[in-house]
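Following: one structure in structure tokens, then a few remarks.
Since every read-out is calculated from the coordinates, none of them should be taken as a lab result. Because the structure is a prediction, the values reported are computed rather than measured. Note that we place each Cβ from the backbone using ideal geometry, even for glycine, and neighbour counts take in every protein chain shown.
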Amino acid sequence: MPTGAKVDAAATEALYAKALRDSKCRATQSVIEDNEYVEDQKLARISFSCQVPNLDKVRPLFAASLAADASPAVRKQFTDAYTQALQTGVRVPVRGTYTQYPDKYNGYWYSGNFDDLVGTVAGALAPFEDWMQDAQAASAPKVTGVPGCDLLLQQHRACVAKIAPEQLSGVDAMAEELKAKAQVQSAEEMTQECKALRPIAEMMWTDACA
């Protein structure tokens, strides 16, 4: 938990564990498709929904706790509200998808990346990085209209301009592609896509981009 507040690590771990157990994830749809990378193999795309605490009222308190002049009382107000939301808050659905593949020997299906499920729930329980990025994105040029994507484009452009200006045309192409996708995909889908793009872009960044 951010802000430097002193908390009991064991109690915090138990709180998160309970919130994960209470998420009650359920598959809502499955679609069988051909695996384009493996001949004669299928894959299943599983859509799911989980119940997580509604943190809408906690978000402004988190923002206030990050202010340079935030008092200990302001930070405590955030941590108390966040803890209460995890323990007894109203729950709302969070949705995602993950992929399963068949085992050719025993017929069982297994997950290609279980983090797609766990990460969705964990991200909803502790969305602090996303909140900080959204705050930073407020000043980013509105290319896609999706905060996470616009911030990524701004940061990537600034970095490439410093370390490889001859490659700025590639950033322009990336921006146009994301802008076009944002016309036909939901904000949630775009947010997930740009989350996946971020580590790829960051691999190009050097200390000069800090």
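Some values worked out for this structure:
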quantity	calculated
Computed over the chain: relative contact order in percent, which uses C-alpha pairs under 8 Å that are six or more apart	15 percent
Spin-label model distance (nm) - Gln41 vs Asn113, 7 Å beyond Cα toward Cβ	1.6 nm
Taking Ser186, Ser23 and counting other C-beta atoms within 10 Å, the order from fewest to most	Ser186, Ser23
Approximate spin-label separation Lys18-Ile32, in nm, with each point projected 7 Å along Cα-to-Cβ	4.3 nm
Ellipticity estimate at 222 nm from DSSP helix runs (n ≥ 4, -39,500 (n - 2.57)) divided over the chain, nearest 500	-16000 deg cm²/dmol
Dipole-positive endmost among Thr28, Pro147, Ala9 within the range 1-158 (Cβ charges, Cα centre)	Ala9
